[in-house]
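The values are calculated or read from the model by the stated rules, or taken from the named source; none is laboratory data. Small disclaimer: the values here were computed from a predicted structure and weren't measured. Cβ: placed from backbone, ideal geometry, glycine included. Neighbour counts: every protein chain shown.
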Amino acid sequence: MFRLLTRFSLVVLAVSFASGCSPTELPQESESSSQSQPLSVQTGSLNVARTSFTLTLLQDGTVLVTGGYGWGGNVSTVERYNPATGQFDLAASLANGRSSHTATLLQDGRVLVVGGFVGSPSTGVTNTVEIYNPVTGTWSNGAPTAVPHARHTATLLQDGRVLVVAGTNALTTTAGGSTICEIYNPTTNTWSYVASLPKKRLDHTATRLLSGKVLVAGGLEYDLQGSPTFVPAVEFDPVTSTWTPRASPFTGRTRHQAFLMGDGSVLLVGGTQEGTGTFNEAELYNPVTGTWSATATMNGRADAVGAVLADGRVLVAGGYEGGYHASSAIYDPSTGAWSAGDPLLIARYMSQAVRLNDGRVLVASGYSNGARTTHAELISTCTVSVTCASQGKNCGTIPDGCGGTLNCGTCGSGELCEANVCVTCTPTTCAQEGKNCGSIADGCGGTLDCGACSGTDVCSSNVCVSCTPTTCAAQGRSCGTLSDGCGGTLSCGTCSEGSTCGSAGVCLEATPPTVSVSSPSSGAVVTGTVAIQASASDNVGVVRTDFYVGSSFIGSSTGPTFSVSWNSASVANGNWVLTARAFDAAGNSATSAGVTVLVSNPVVVMATHDGTLRVPRCSTPAAGCDSGTLLVGRGPLGPEPQAPNTLQASCADGTAGGFHNDESLDRLVISTTDNTVLAAGKQVRIDATVWAFSSYSSDMLDLYYATSLSNPAWTFLTTLTPTRAGSQTLSHTFTLPTGAQVIRGRFRYGGSAAPCGVGSYTDHDDLVFATSP
């Protein structure tokens, strides 16, 4: 009974929250405000017009523009906006053009780009991930998501991880959206499943609350006929990795905006109900009570842009309602009222906006006059009212009250600018200052020439003092030239042949060592751990030899035999150049000629579905076999293709529960522990990724192997138990026997071990793999 109450009590909570309150009529948007209004000015244009793209404010104050949809398809072009110059500069492109993706600023300053539509025109949804390093200006591949996402959300959590919520994994809305949620760990570059949403959802908003929880509001679920249904609000708790239903907004909406306010509430504005018009209703979510309340309305609009301003007010601009909007509106949380702001320079929608570090708001691209535009503008909510005259200033620069400066001019001859006011100045003299050499400031912006010293005297702090020249011996010099400290130059001699004069004025031995890589030889094929050896000699002795694979340092040796061990499995298979660099006691060094070797280590291969055996199979012997995503889910639950994925479909899976709320066996990997090819007698490890129920103490994983594919006799290996709820990997090591090879995992709720058994929450999965003779 406890298991049933736990699994279905969320439905009761959703109903009780949804009936908590009803909207009331509040004042419409006002036409004026006593506070400053937006003033928009044009800035540099983008290089590529786009919609469905992202703007991300980087830690250095510049803005990263990624992807989107442009003329001809999905865009891979990336740009970087510099507020100091007002220009968009091209940056390194994405490997995959994409739109309707997300770009999230990580805590270390990098940008995580996830999913989206790909192709030109769009041909599908991708699970690829790319990471931008703004310091180097380069992209690298991140671990892919378990399932593709587009029209989803990605939210940075307080602990630095990133929560990706739902979206769609298909081109058409009739696919119905997704419930699947994943979390990215930037420290390990890995993804893990978290509890799925109660309902499918796309085109929603996700807002991180002050508590660290995430509010998901709005969005749609499509049925098989393409008809939309609006879904209730939910909250995600990163600590427990669970979803809690909350009261729904009074108005179901999509293509809306959500803003976190200074008091911790969430403002929901605008949007549409897909074909039934736009909304002027605005609502506030109270995370303490989990309820919504109505606030003042604004002009209806969908696909608008907005930002929370530095003073806590909210700016909303542009959008669409029967036509393109140029108007803007400002919400004041202290009064709960909207006021009209100055219009944008051009009407636009499906653009993007971000607040810059100086408080201005950058609005870029989108649709305008029926076409995508490269136009960008800056909105300022400050009116300059300060003048030099009003402040009583007539020189230098002063703040203009809006983050800029005013130039108040310069002073005339014989005047000095003090506290931005010109005052009369009488120059000083060298005698008054007690100076008799060099130049000094006259105190009025000019300089005085106080003369030069005579004889062997030197000018010290603008005063002539007597000087006794130094010597080469006193300074420990044996070569080169040296100042004598009194304006003259000393010659300290020259070095003998084979030596050079170092920067410290001492002769140094200059002959570099001779060095060569002696083993392995050029053209050798290497696997596993290899000893790299070098021969090195020098007239004053070799003190150290460094070894490199390509440009990567792998170790040093101090002799007398110069050698290091190198694990060739640490690099990709292919040709690699080995070099050695020898150092002598005088600091001279030399690098050997490169020796090219071919690294050819076994690799773990990805399984493909075998239609005859009806299971994932690796048909080529390798260091390991990985089912990849072929087993994710259980039976009809989740994305698992060709379920139940047992030999000849011999064991059916349980059908109770929900995907990643209840038990499933999601992945099987078998690999050798020494990274050699799978073969009889080798020690191997099974890594099984499972999803455990929230009360996981009764969940168990049974592992088996068999040496026949046509008539398998299953040998029991072990039973493993989860250590927590949710996704995790359980492992077991054993010695591989002879014969055709197949392993089986059976993840069950309660019951006893058996290679095939009935259970409402039981998941059976097999993996067939080849071995070397």
Task: Restricting the stretch 536-546 to residues that are farther than 14 Å from Ser519 by Cβ and out of contact with any Lys or Arg (no Cβ under 6 Å at 6 or more places or on another chain), the residue that is surrounded by the most Cβ atoms within 10 Å (Cβ to Cβ) - done: Val542
TODO: Tell me, yes or no, whether the stretch 559-574 has at least one residue that is at pLDDT below 90 and under 14 Å from Val595 (Cβ atoms).
DONE: yes
- [ ] Would you point out the residue of the stretch 205-221, among those that are under 13 Å from Ser248 (Cβ atoms) and assigned to a loop (DSSP other than H, G, I, E, B), that is modelled with the highest pLDDT?
- [x] Gly218
Task: Residue among Val316, Val288 that alone is under 29 Å from Pro228 (Cα atoms) and out of contact with any Lys or Arg (no Cβ under 6 Å at 6 or more places or on another chain) - done: Val316
- [ ] Quick one: which strands (runs of 3 or more DSSP E) lie wholly within the stretch 603-709 and hold at least 2 residues that are surrounded by 18 or more Cβ atoms within 10 Å (Cβ to Cβ)?
- [x] 615-618, 624-626, 664-672, 683-692, 699-706
Task: Residue selected from the stretch 455-497 under the condition surrounded by fewer than 13 Cβ atoms within 10 Å (Cβ to Cβ) and in contact with an Asp or Glu (Cβ under 7 Å, 6 or more places away or on another chain), by the criterion farthest from Ala431 (Cα to Cα) - done: Ser466
Open item on the list: Regarding the stretch 509-524, can at least one residue be identified that is in a loop (DSSP other than H, G, I, E, B) and among the acidic types (Asp, Glu)?
Closed with: no
TODO: Within the stretch 28-61, track down each residue that is at pLDDT 95 or above, surrounded by 19 or more Cβ atoms within 10 Å (Cβ to Cβ) and on the phi < 0 side of the Ramachandran plot.
DONE: Leu46, Val48, Ala49, Arg50, Thr51, Phe53, Thr54, Leu55, Thr56
- [ ] Collect the residues in the stretch 103-119 that are small (Gly, Ala, Ser), within 23 Å of Arg80 (Cβ to Cβ), out of contact with any His (no Cβ under 7 Å at 6 or more places or on another chain) and not in a strand (DSSP E or B), keeping them in residue-number order.
- [x] Gly109
- [ ] Report, ordered by the first and then the second residue, all pairs with beta carbons closer than 6 Å, sequence separation of six or more or different chains, a first member in the stretch 381-392 that is surrounded by 15 or more Cβ atoms within 10 Å (Cβ to Cβ), and a second member that is in a loop (DSSP other than H, G, I, E, B) and modelled with pLDDT of 90 or more.
- [x] Thr381/Leu309; Cys388/Cys408
Open item on the list: Which count do you get for residues in the stretch 494-522 that are more than 22 Å from Thr558 (Cα to Cα) and in contact with a Cys (Cβ under 9 Å, 6 or more places away or on another chain)?
Closed with: 10
Task: Residue list for the stretch 571-628, restricted to those being over 38 Å from the mean Cα position of the chain (by Cα), closer than 30 Å to Cys651 by Cβ and in contact (Cβ under 8 Å) with a residue 60 or more places away in the chain - done: Leu613
Open item on the list: If a residue must be within 34 Å of the chain's Cα centre (by Cα) and modelled with pLDDT under 90, how many such residues does the stretch 358-394 contain?
Closed with: 6
TODO: Could you check Ser334 against (1) crowded, with 20+ Cβ neighbours inside 10 Å; (2) out of contact with any Asp or Glu (no Cβ under 7 Å at 6 or more places or on another chain) and say which number it fails?
DONE: (1)
Open item on the list: Out of the residues in the stretch 228-252 meeting the condition of being modelled with pLDDT under 85 and part of a strand (DSSP E or B), tell me which one is surrounded by the most Cβ atoms within 10 Å (Cβ to Cβ).
Closed with: Pro228
Task: Matching residues in the stretch 547-587 - criterion: being among the polar types (S, T, N, Q), surrounded by 15 or more Cβ atoms within 10 Å (Cβ to Cβ) and within 23 Å of Thr511 (Cβ to Cβ) - done: Ser557, Thr579
- [ ] Answer with yes or no whether Met298 is under 22 Å from Thr66 (Cα atoms) and surrounded by 15 or more Cβ atoms within 10 Å (Cβ to Cβ).
- [x] no
Task: Candidate set: the stretch 125-149, residues that are surrounded by 19 or more Cβ atoms within 10 Å (Cβ to Cβ) and hydroxyl-bearing (Ser, Thr, Tyr); chosen: the one nearest to Gln107 (Cα to Cα) - done: Tyr132
